[in-house]
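Remarks on the structure that follows.
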Amino acid sequence: MFGKVVGGIMGTVAFSVACIVGLIAGNDATTVLSRGLMALLIFFVIGFGIGLMARKLIDEHMQRVVDADRQQQASETPEPRGEQDAADADRPESHDAAAPARRAVTEN
């Protein structure tokens, strides 16, 4: 998809430039259109290749970023080392300030 978009844009721009330059030079319509179509085809193929390469670069970069993020998250997760740490790891963490009071009420 990305290759088609880049190729289409480059081909259209090349066609427009070739037609404008041909008209400014005073060429007849057949010459202007044939050169414009030739430029369109050539630059579509070039743009398609550039688009494919860009898409591959983006995909590879995103994969590296995701892998690095996963490695960072894995290294930040501490493993329980002792009995107290293991007990703390089993207990869900709560950032609620009223959680200890609710626990005391529900235990009674």
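Here, each number is a calculation from the coordinates, and none is a lab measurement. Every value quoted in this text rests on a predicted model; they were computed, and no experiment measured them. As a convention, Cβ positions derive from the backbone with ideal geometry for all residues, glycine included, and neighbour counts pool all protein chains shown.
Observations
- In a reduced charge model with +1 at each Lys and Arg Cβ and -1 at each Asp and Glu Cβ, region 2-76 shows a dipole moment near 220 debye about its Cα centre.
- Extension gain from Ser34 to Ala74, taking 0.36 nm per residue of separation minus the Cα-Cα distance: 8.4 nm
- A Förster radius of 22 Å combined with the Cβ-Cβ distance from Phe2 to Gln63 puts the calculated FRET efficiency at roughly 0.85.
- For region 38-45, putting each phi into the Karplus relation 6.51 cos²θ - 1.76 cosθ + 1.60 with θ = phi - 60° gives couplings of 5, 5, 4, 5, 5, 6, 5, 5 Hz, in residue order, rounded to whole numbers and with x for Gly and Pro.
- Loop-resident sites, region 1-85, for GluC sites (Glu not before Pro), counting at most 12 other Cβ within 10 Å (DSSP): none
- Gyration tensor verdict on region 2-76 (Cα atoms; rounded if a/c is under 1.5, prolate if a/b is larger than b/c, oblate otherwise): prolate
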